[in-house]
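The values are calculated or read from the model by the stated rules, or taken from the named source; none is laboratory data. Just so you know, these numbers come straight off a predicted model, no measurement behind them. Neighbour counts are summed over all protein chains in view; Cβ atoms, including those assigned to glycine, are modelled from backbone coordinates with ideal geometry. Side chains are part of the model used for accessible areas, which takes the heavy atoms of the whole protein and leaves out ligands, DNA and RNA. Shrake-Rupley method; radii C 1.70, N 1.55, O 1.52, S 1.80 Å.
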2 protein chains.
Amino acid sequence: MPMATLRDVAAHAGVSISVASRVLNDDPEVRIRAETRQRVVDAARLLSYAPNSAGRSLRKARSSVLALVVPDVTNATFTDLTRGVEEEALRRGYSVLLGSSERMQPGTQGFSRLLSERRVDGVLLQKGDDTRGELVTSALTDHRQITFVNSGPVEDISTVALDDQTGAALATQHLLDLGHRRIGLVNGLPTADTGRRRAEGFATALAGAGLRADERHVTELGYTLPAGRNAARLILSRPHPPTAVVVANVNAAFGVLLEAREMGVDVPGSLSVVAVHDVWEADIPVPALTTVKMPMVELGATAVSELLDRISGGPARHAVVRDPAPVVVLRESTAPPPA
Amino acid sequence: MPMATLRDVAAHAGVSISVASRVLNDDPEVRIRAETRQRVVDAARLLSYAPNSAGRSLRKARSSVLALVVPDVTNATFTDLTRGVEEEALRRGYSVLLGSSERMQPGTQGFSRLLSERRVDGVLLQKGDDTRGELVTSALTDHRQITFVNSGPVEDISTVALDDQTGAALATQHLLDLGHRRIGLVNGLPTADTGRRRAEGFATALAGAGLRADERHVTELGYTLPAGRNAARLILSRPHPPTAVVVANVNAAFGVLLEAREMGVDVPGSLSVVAVHDVWEADIPVPALTTVKMPMVELGATAVSELLDRISGGPARHAVVRDPAPVVVLRESTAPPPA
DNA sequence: CGACCCTGGACAAACGTTTGTCCAGACCCT
DNA sequence: AGGGTCTGGACAAACGTTTGTCCAGGGTCG
């Protein structure tokens, strides 16, 4: 006997529907006799009643679902983010709809239907290297329904980001501490906001040691493995190459490792490599990849909080997740520079 | 002016709500004058009307959402599956709710609320090594609401699986073709249905060459990297170890590679390794991992089809996805046996 | 010319909830 | 004893959609 409705519960308990609803929702504004309340609770339990979400959504004009849209689920970088989002959402009584296929990207029907059909109350958007921000904001009727993850800040839209400066600075400092002086940066595309911030942190750390980045040691080719390969080839084939590189993304770092190996460049003997973002796959390459662990789970959780707050009327904020602080995860790809 | 409702459209077009609904849904059973139909379409477009999903769900007793539950999103094995599911679902007018955190696992509140609150019409479940099938089926009021992915067959429940026998046989045959005669199997837990099937394929291929598996060369430790490490240590430390192993899972294969390296066993010089499932991460280790590519995307798509078919009254089927057929992706971890 | 049958569309019920309002009785007070 | 205040709960509207049924007018046919 599935599908017990509120009417069934009320009838079984011998009360009106409204009383049943108020009891089961713990409505504080209402006075019900304890014995009656118990009858309702018992009936609900007996019939294994669960509120129909469609009915509830219709009445409350709220679906209690939010969407998380990422460029691709394939990217290991986003798995921790996903976990953080899911856990915080569940804690708040929300479910998460995951959008990752291209048909769900901003600008597509799939994306806009999410909001216009009121399937979700809001969207968490992690933009890819190629998705343009204007495309999103213009298609949006209500800026409160969206929160950007790892991009921005954007006027009137809530954003949540990692402390990329500190992360990149920490990676750089790790190399400085090992004794490196010629340090390169393999960065994402110039359009990526995270890339800009990581370049800042990189420069800051260098400046703290009285150094400056050599632009021939810096690339902005993207956050993919092939991009990392290209970057490594570019940087290492020039005369007077760096003895170490900070890679802004772990996938690109895998590419750097592979290309260095192919070019006969010993890592970490002749070249140290450290990447921003820690994933378990960092154990796989030879040498295993030293990384800076960023609080991705907390990023996801914070993103949910900010979105929910904004939806319910809060102001657009630009949150930066600094807790827990970035930390170096030492593996095998970094060592002192060659003598 | 967001949130146009059907009533707004009807009013603007000067027709009744029912006519507006029928026109916009292309109801074939009804006769509307062409000019009237156009007025409705224009009004809908002008007001950028989109049907409210809560209202529709309530009326049709169907949410047009289905859930995909996997042990963890972190697992690269499942990313292609996710993509296949999402694309097929979208094509059928469904959205996908992703459940992965432990709070969403079978037996938890999160899981059962999905169905009892009618948030989703059905669930696609990829069980983990540890989730017990009984826990799921017992909590289920209606067997038509679920489809198992990669496990089963189970009585009265639709299942969809890969052709694991052929996949494992192909991997084994690849090693046989290279000239190997002592071939081991690093398998998943004995409780995993996929493991059983892959062991079958392994044995079949061996038998085809007039060989039999040596049980000292077979482990059933699980589908994780540490499990792979343990398996390798176990198999390789015994006297007269195999010259090649088939690993039933790519994560475990990474573990085998790492452990072999640590033990000083040369791959592929002294030991060839081939894994079932192809992921892009196979390029990362040294040597790069040879795999057998399985049709994961198609598995996801088929799972959606089967679930939707079952929901709408079809029989419980046990589908096996054989198209495209498994194929060896040759990288660097396999070679002829040592002389 | 009356009985029919189309055509094109309107009416209204129902899906399951939440929530504002109202009311009957019991109790209190002076 | 009469007016007032609580208590405990019932009534009903509304959220937006789909869909079964009904109906007025105009045409057709015998």
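Starting from the label point of B:V327 at 7 Å along Cα→Cβ, the same points in the other copies fall at 4.5 nm, in ascending order.
Our compactness index for chain B, the C-alpha radius of gyration over the empirical 2.2 N^0.38 Å, is 1.26. Taking a ≥ b ≥ c as the square roots of the eigenvalues of the Cα gyration tensor, an a/c ratio below 1.5 marks the range A:164-293 as rounded. Accessible area per residue for the range A:6-51 is 68 Å², calculated with a 1.4 Å probe on protein heavy atoms, without ligands, DNA or RNA. Taking B:K60 as the anchor, which lysines have their alpha carbon closer than 20 Å to its alpha carbon, excluding any fewer than eight residues away along the same chain? Of all the lysines, those that pass the test against B:K60 - Cα under 20 Å, at least 8 places apart if same chain - are A:K60. Mind checking A:42-53 for the average number of partner chain beta-carbons within 10 Å of each residue's beta-carbon? Across A:42-53, the average partner-chain Cβ count within 10 Å equals 3. Largest GNM mean-square fluctuation across B:G269, B:G184, B:G122, computed for chain B with C-alpha springs under 10 Å, falls on B:G269. GNM remark for chain A: springs join alpha carbons under 10 Å apart, and the peak mean-square fluctuation among A:V247, A:V328, A:V19 falls on A:V19. For the protein assembly as shown, the mean residue ellipticity at 222 nm estimated from helices alone is -12500 deg cm²/dmol, where every DSSP H run of n ≥ 4 contributes -39500 (n - 2.57) and the total is divided by all residues, rounded to the nearest 500. Once backbone amide H atoms are built at 1.01 Å from N, A:L185 has A:V218, A:T219, A:V246 as its partners under 5 Å, excluding neighbours fewer than 5 places away on the same chain. Averaged over the residues of peptide A:113-121, the number of Cβ atoms from other protein chains lying within 10 Å of each residue's Cβ is 5. Rank A:M3, A:Y94, A:Q173 by how far each Cα sits towards the positive end of the charge dipole of the protein assembly as shown (+1 on Lys, Arg Cβ; -1 on Asp, Glu Cβ) and give me just the farthest. The residue sitting most towards the positive pole is A:M3.
Take chain B, connect every pair of alpha-carbon atoms lying under 10 Å apart with a spring to form a Gaussian network, then pick out the residue of B:V320, B:V85, B:V186 with the largest mean-square fluctuation. Comparing B:V320, B:V85, B:V186 in the GNM, the peak value goes to B:V320. Using a probe of 1.4 angstrom, how much of the accessible area of chain B is carbon and sulfur, in percent? Carbon-and-sulfur percentage of accessible area, whole number: 51. Each Lys and Arg adds +1 at its Cβ and each Asp and Glu adds -1 at its Cβ; summed about the Cα centre, the range A:229-290 shows a dipole of about 280 debye.
Interface area, chains B and A: about 4600 Å² of buried accessible surface, summed, with a 1.4 Å probe and ligands, DNA and RNA left out. Note on the range A:127-199 and the range A:263-333: Cα centroid distance 12 Å, given to the nearest whole angstrom.
For B:Q38, the label point sits 7 Å beyond Cα toward Cβ; its separations from the matching points on the remaining copies run 7.0 nm, from shortest to longest.
Taking every DSSP beta bridge with both residues inside the protein assembly as shown, roughly what % is antiparallel (nearest 5)?
In the protein assembly as shown, approximately 10 percent of DSSP beta bridges are antiparallel ones.
Selection among B:I157, B:L271, B:G300 by position relative to the dipole of the range B:156-302 gives B:L271 as farthest towards the positive end (Cβ unit charges, Cα centre). Taking Cα centre as origin and charging only the Cβ of basic (Lys, Arg, +1) and acidic (Asp, Glu, -1) residues, the dipole magnitude of the range B:6-51 rounds to 100 debye.
Using a probe of 1.4 Å on the protein chains alone, the accessible area found for A:D80 is around 40 Å².
Accessible area per residue for the range A:198-339, computed on protein heavy atoms with a 1.4 Å probe, is 40 Å².
Out of every Cα-Cα pair in the range B:6-51, what percent are more than 18 Å apart?
Summing the P(r) of the range B:6-51 above 18 Å gives 12 percent of all pairs.
Shape analysis of the protein assembly as shown places it in the oblate category; the axes a ≥ b ≥ c from the Cα gyration tensor give an a/c of at least 1.5, with a/b not above b/c. In this Cβ point-charge picture (+1 for Lys and Arg, -1 for Asp and Glu), the range A:164-293 has a dipole of about 320 debye about its Cα centre.
Which residues make up the longest stretch of chain B that has no GluC sites (Glu not before Pro) in a DSSP loop with at most 10 other Cβ atoms within 10 Å?
Longest site-free region, per DSSP loop and neighbour criteria: B:156-339.
For B:R92, inter-copy separations between label points set 7 Å beyond Cα along the Cβ vector come to 3.1 nm, shortest first.
When the Cα gyration tensor is reduced to axis lengths a ≥ b ≥ c, the ratio a/c is 1.5 or higher for the range B:182-242, and with a/b not above b/c it is classed as oblate.
For B:L24, the solvent-accessible surface computed with a 1.4 Å probe is close to 60 Å², ligands and nucleic acids excluded.
Cross-link partners for B:K293 among the lysines, with Cα-Cα distance under 25 Å and sequence neighbours closer than 8 places in the same chain left out: B:K127. Peptide B:279-286 has a mean shielding of 6, counted as Cβ atoms of other protein chains within 10 Å of each residue's Cβ. Once C-alpha pairs closer than 8 Å and six or more residues apart are averaged by separation and normalised to the residue number of chain B, the relative contact order reads 17 percent.
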